[in-house]
Amino acid sequence: MPGSSALRIGTRASVLARTQTGHVADALRSLGHAVTIEAISTRGDIATDVPIAGIGGGDGVFVRELERALLDGRIDAAVHSLKDLPTVVPDGLVLASVPRRATPFDAFVGRSAPTLAGLPAGAVVGTSSVRRVMQLAVLRPDVAVRALRGNVDSRLARLDSGAFDGVILAAAGLERLGLAGRISEVLRPERFWPAIGQGALVIQTRADDAVSRAVVATLDDPPTHAAVRAERACLAGLSGGCLAPVGAWAREVDGRLGLGACVLGPRGEGVERIVTSVSAAAGEPPEEVGGRAAAALLALGAEELLAAARARDRRGLH
């Protein structure tokens, strides 16, 4: 981005992604920066008729095309939902900025009842997230879970048509689209754990592009950035991808970073979950906090649960 040329920001083509990127662009423009937005279709956006884990290519089905555009120099920055980003960042790219986080939790949007607990036995809940499916199996083993993918509007339309009694979506996405009024229940830990990085955006740039890095760094929120660094380090310590049934939530508590995390996996005919919580020692980097949480979960049997979850995925049981 030499001289006074506009910063070219890449985004997924979905309405939510473009809305999120629009918020980032507006914030940069308010600081006097010229910005253009380029929509790029990803594999995850195109293949909406199969579970995410079945698309192929491993983690990153929503980000790889954007990362290639960055490396090729077609764009100067990319805005991602941080929960979609694998823990391993490609060589030559950096996570240059993490703006202030929105609501990090999942939300229940009910048609037959306003809460998960209020659903009748046999009710149908829509979600395609393995993490959400397994948590539903723990909380409400008596409800049926059916796959539900697509953009937020299409998911809500299927709910309203009567295909589901309720759906589970990220609260942040509903809020950013002006649909917070559809939320009938916010699902919070330790009852229901969000995805790693949920509610946070990240702006990715090339490592050697000092100008773009400096521009987007003006939007960085240090407490959010520290929290997601800890969450991602926990996931990396578990050798889990962004589709693994792992949930975590880090935030500042009494001036120190606190991190709670959960791992789920099949056990017998049901699902087992293990939970841990750690707090940072004085001066401890976020990555070490996340690493300690991962070690605690592994000591409690996380690897066995994650291996069972991976085997379930290979058999196509979503």
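Quick note: the coordinates plus some simple rules give every number you see, no bench work behind them. Quick caveat: nothing in here was measured; it's all calculated off a predicted structure. Backbone-built Cβ (ideal geometry, glycine too); neighbour counts: all protein chains shown.
Are any residues in the stretch 135-166 of a type in the set (Ser, Thr, Tyr) and either surrounded by 15 or more Cβ atoms within 10 Å (Cβ to Cβ) or part of a helix (DSSP H, G or I) (or both), and if so, which ones? Quick ask: steps written out before the conclusion?
Taking the stretch 135-166 first, the residues of a type in the set (Ser, Thr, Tyr) are 154, 161.
Correct list: 154 only.
Taking only the stretch 92-122 into account, find how many residues are closer than 20 Å to residue 27 by Cα and within 14 Å of the chain's Cα centre (by Cα).
Narrowing the stretch 92-122 to residues closer than 20 Å to residue 27 by Cα: 95-103.
Within this subset, residues satisfying the condition of being within 14 Å of the chain's Cα centre (by Cα) are 98, 101-103.
So the answer is 4.
Do we have residue 169 as touching a residue at least 60 places away in the same chain (Cβ under 8 Å), among the hydrophobic types (A, V, I, L, M, F, W, C), surrounded by fewer than 23 Cβ atoms within 10 Å (Cβ to Cβ) and touching a strand residue (DSSP E or B) at 6+ places or on another chain (Cβ under 8 Å) here?
Numbers: touching a residue at least 60 places away in the same chain (Cβ under 8 Å): yes; among the hydrophobic types (A, V, I, L, M, F, W, C): yes; surrounded by fewer than 23 Cβ atoms within 10 Å (Cβ to Cβ): no; touching a strand residue (DSSP E or B) at 6+ places or on another chain (Cβ under 8 Å): yes.
No, not satisfied.
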